[in-house]
Structure formats: C-alpha cells, structure tokens
Amino acid sequence: MRGAPGTWLLSALLFLGLTAAGFAALSMVFDGPPPRFDARLIQPEAVATILLFLLIYFASDGLRLYFVLRTIGSRVKIREIFPLVFINFLFSNITPLATGGGFAQVWYLQRHGVSVGASAAATSIRTILAMLMIFIAAPAFQFLHPDASTGEFARITMQSLSGISALYLIGFILVLRRPFWMATLIGTLLGLACRLRLIGEERKDLWVSTVRRETAEFASGFSGFVRGSRRDAAAAVISTLVFLVTLFAFPALLLELLDYDVDWMTVIGTMSVVTFLMYFAPTPGGAGLAELAFAGFMASQMAPADLLLVVFAWRFLVIYLGMAIGLVVSVFALHPRTRPR
C-alpha cells in the first residue's frame, strides 16, 4: 500500500470526472431537466425506510465476508470485519474492474492475523458468490420477462446476456474442476501472442506462471469453502443473496417513495442486468457507464422529469455514501501502526 496515495488520488479524480460526464451525457441523451429536489424522499417514513435498507445493505455485505472467512477456517472478530465493508466501497470504486478493494482488504486482514492466502481466497470467494448469482439471475430474468425493457438497445443487450453468462459459468467450472486445463488454454493463447510479437518471451513466461498459480490457488480455496462448515457456507450464501436483493431493490424503493406504482420484481430483475453489465465496465466503479446503463434500462419505468433524480439518489445510496464513509474509515483503519521505541 506504500506509494499508492498518488495513484488512489488520481483514480478518485477520474471517478469524479467520469461520474460528472455520465450525468452530463444523461441530460443530453434523455433531454431531461437537471436533478430536482423532491421533499417526498426526506419525509420521516421515507428516511426511516431508507435507513433500514442501508442497514441491511451494509450489514449483509459485511456478514457475507465474515461467514466466508469462517467457512475456510479463519476466525476474525465480527467488529473487525465491518470496516472492510467501507474500505471495499472506497477502493473498489476508484479502481477499474473493482480490483483495488480486494488488495486493500487482504492488506487489512493480514494486519488482523489472517494469512495472505486465506484473505485472498475469502475475498475472491465472496466476489465469486455474488457474480454467480448475478450471472444466473440476469439471463433468467431476460428469459422469464423478455419484454421487460422497451428500448431496442436494452432488449438486444439483455438477449446477449445468456451467451456471456454461459461462457462465464463454463469457465468457472473448468477453473474449479480442471484448473490445469484452463491454465493450459490461457498459456497457449499467451504463447500465440508471443509468436505474433504482441508480448515478450519473459512477460509470457511470467504471466503463464501467474495464471497457473492463481487458478490452482483459487480451485483449492473454493474447494476448502465447499468442504468447510455447511452452516457457515449457507450463511455466506444467504448473506450474499440478501445483499444483492437489497442492492437491486433500492431503485424500486425510490420509485415507491415518489408515488409510482412499482413492480418490484421487474425492477429487481432489471437491476440484476445493470449490475451484470457493470462487472465489465473498464472505468473506476463503473462511473459514467453505470448511470447510462441504469437510465437505458429504467427510463421507461418513470417520468423523464424524475430520471436524473432517481439515478443520482440510487448512486448516492448504493455507492457515494459508502465511499464517503470508507474515506473516513480508511484514514484510521489503514493508518500505519506506530511501533513503540
């Protein structure tokens, strides 16, 4: 983590810039007015409901990692886990493809007595559990509700999810059951890239070695999760499910508070698709692309005058708020410990 502050700062600025660009693009594409304040969102009952959703959202996020760690045999105190929720919110959203959150969490867990291998396995399994659920839910929703999205782009995108999800699940099974096969396939592709002079021989050998090690370690870590405590494993799965359902339900809650007649299952299914797409966003935290994807899939379910307000409120509750708390938590939780002289 040393030497990283400058990189994190640049990533954070990039996140802010892309977020602003995303909202500007939304305003142009959908020709909507600027976000307007709506007092219905701060009525006492509305605030209480939002706070309840946030409590479930953050608590289930922490519990899913806690129970994964217990399943693979690592014992940590539950009070040590919840700072990781907000650390992950901060770092995973200022790094492309959500890579930074895992590194920060491994570093934090190592300081609390969890080995690097166990920390890496736990954070990977926690992410994989969520991805498996999303990659199954998104095409399932498209199959059960093919006409949920009226936009042509949204419809075509949703129809393409089944193939992508199937390829992902096949790859996951191969890594889990036959890690050597997947490592060999990737090694062959890297060898071809080397012969085409796209990468050097030294880099190719390094990447092949890394792929073989990582696939073997992941397969071993996930097997340990499967062989671990069934009660803790079930708790990890349930916590992940609660976390995702709460995440997907936030837009439905906002629309309900704005007096829309909401089909909660349709909104939750649509948000599983939006979240699926965000896994492939190359920008930090999906900034810019997340706002556009949300609007593309959800615009038909609300009035144009409410679109930017709902998009901003959604991103504020599920991302910006956690990042702001994570900034404060990280200052104290990741601060180097001073050694007594």
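Give the accessible area for residue 264 in Å² (nearest 10); use a 1.4 Å probe, count only protein heavy atoms, and leave out ligands, DNA and RNA.
For residue 264, solvent-accessible area is about 80 Å².
Ordered by residue, what ³J(HN,Hα) values in Hz, to whole numbers, does the range 72-81 give under the Karplus form 6.51 cos²θ - 1.76 cosθ + 1.60, where θ = phi - 60° and Gly and Pro are x?
Karplus values, whole Hz, x for Gly and Pro: 8, x, 9, 9, 10, 6, 4, 5, 7, 7.
In what sequence, largest accessible area first, do 125, 78 appear using a 1.4 Å probe?
78, 125
Stretch residue 28-residue 210 to full length: gain in nm at 0.36 nm per residue minus the Cα-Cα span?
Net length gain for the segment: 61.1 nm.
Quick query: amide H of residue 286 versus all other amide H atoms, modeled in the peptide plane; which residues come in under 5 Å with a sequence gap of 5 or more or a different chain?
97
Report residue 36's accessible area, 1.4 Å probe, all protein chains in place, as a number in Å² to the nearest 10.
Accessible area of residue 36: about 100 Å².
Where the centroid of each part is defined by its Cα atoms, how far is the range 231-291 from the range 55-93 in Å?
18
Is the range 232-281 best put as rounded, prolate or oblate by its Cα gyration tensor, with a ≥ b ≥ c the root eigenvalues, rounded for a/c under 1.5, and otherwise prolate when a/b is larger than b/c, oblate when not?
Oblate is the answer for the range 232-281, as a/c is 1.5 or above yet b/c matches or exceeds a/b.
What spacing in nm lies between the two simple spin-label points modelled at residue 45 and residue 260, each 7 Å away from Cα in the Cβ direction?
So the label points at residue 45 and residue 260 sit 1.9 nm apart.
The values are calculated or read from the model by the stated rules, or taken from the named source; none is laboratory data. What you see is a predicted model, and the numbers here were worked out from it, not measured in a lab. For neighbour counting, all protein chains shown are included, and Cβ atoms are generated from backbone atoms with ideal geometry for every residue, glycine included. The area values use the complete protein model at the heavy-atom level, side chains included, leaving out ligands, DNA and RNA. Shrake-Rupley method; radii C 1.70, N 1.55, O 1.52, S 1.80 Å.
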